[in-house]
1. Going by a ≥ b ≥ c, the root eigenvalues of the Cα gyration tensor, does segment 141-188 fall in the rounded group (a/c under 1.5), the prolate group (a/b larger than b/c) or the oblate group?
2. Filter the cross-link list K73/K117; K25/K73; K130/K157; K66/K130; K25/K117; K73/K173 down to pairs whose alpha-carbon distance in this structure exceeds 29 Å.
3. What figure in square angstrom, to the nearest 10, would you give for the accessible area of V119 with a 1.4 Å probe?
4. Report, to the nearest whole %, how much of the accessible area of the chain belongs to carbon and sulfur atoms, 1.4 Å probe, protein only.
5. Given a 1.4 Å probe, how much area per residue of segment 141-253 is accessible, in Å²?
6. Is the C-alpha gyration tensor of the chain telling us rounded, prolate or oblate? Criteria: a/c under 1.5 is rounded; beyond that, a/b larger than b/c is prolate, otherwise oblate.
7. Return the loop-located trypsin sites (Lys or Arg not before Pro) in segment 4-77 (DSSP other than H, G, I, E, B) with at most 10 other Cβ atoms within 10 Å of their own Cβ; answer none if there are none.
8. Mind checking segment 151-234 for trypsin sites (Lys or Arg not before Pro) that DSSP puts in a loop (not H, G, I, E or B) and that have at most 12 other Cβ atoms within 10 Å?
Amino acid sequence: LPDSIATQIAEIFSGDIDFHRALRKGDRFSVVYETLEGDGEPMRAGRVLSAEFVNAGKPFQAMWFKDPVAPGKGGYYTLAGESLRRAFLASPLEFSRVSSGFSMRLHPVLGVWREHKGVDYAAPQGTAVKATSDGSVEFVGQQNGYGNFIVLRHGNKYTTAYGHLSGFAQGLKVGSRVAQGDTIGYVGSTGWATGPHLHYEFRIDNIHQDPLTVSLPNTAALSGSALTAFRDQTAALTARLAQLQQSKNVFLD
């Protein structure tokens, strides 16, 4: 499977499947995607058109749809027309591992017990860090033990924070607008850190929440003429996906 398609699958299902912790032996997936050609020869993979991922026995489906009568970009939806685009991504990194959770812990630098008000994701130096939701930059710069630090505001209620960065995305400043999935910085070890990782915080009304367990809001489902157009446009993809499920599945080892 092309790397770009694997990355798209992880992004598509990131609101439902925690790819850092939830993958299990025996999980399987089916996918239909574009192949771009030149002079009759395949050049590169394009967009995922439909996919199913079965995680711990539970199936998740996705269909690409762009409303032909409404302006704006397309997105991925369940077979029932519910958007897979969550208000917040489950993680600001595509692939990594959780190295420290939301709990009391012995601080690795200070050597004292204190509350850890976020989640640490271990990842290589320079790994791209993504905004988990649309928002604006409330703070960008150096801040005590956080090192290079970014705080994003998402409306009146939510803020997210990203610490120990090696650097910031070019042009990022207070007041800058960011979209969900935009690269805002890069994993580093600035501030009080013993190695490269991302410290991520999620706050509701300025109260820290566990990013791994907090209940995240959903986006609206299709309805009316948009839902009818979705069913018409994705009927062939649904049939093709069902055919793949019956013939050949890829299992995770």
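The values are calculated or read from the model by the stated rules, or taken from the named source; none is laboratory data. These numbers come from a predicted model, not from an experiment. FYI the Cβ positions are ideal-geometry reconstructions off the backbone, even for glycines, and counts take in every protein chain you see. Side chains included, ligands, DNA and RNA excluded: accessible areas come from the protein's heavy atoms. Shrake-Rupley method; radii C 1.70, N 1.55, O 1.52, S 1.80 Å.
1. It comes out oblate by the Cα gyration axes.
2. K73/K117; K25/K73; K25/K117, as the Cα separations exceed 29 Å there.
3. Roll a 1.4 Å probe over it and V119 shows about 0 Å².
4. 50 percent
5. I get 54 Å² per residue for segment 141-253.
6. prolate
7. R24, K25, K73
8. Filter output for segment 151-234: K157, K173.
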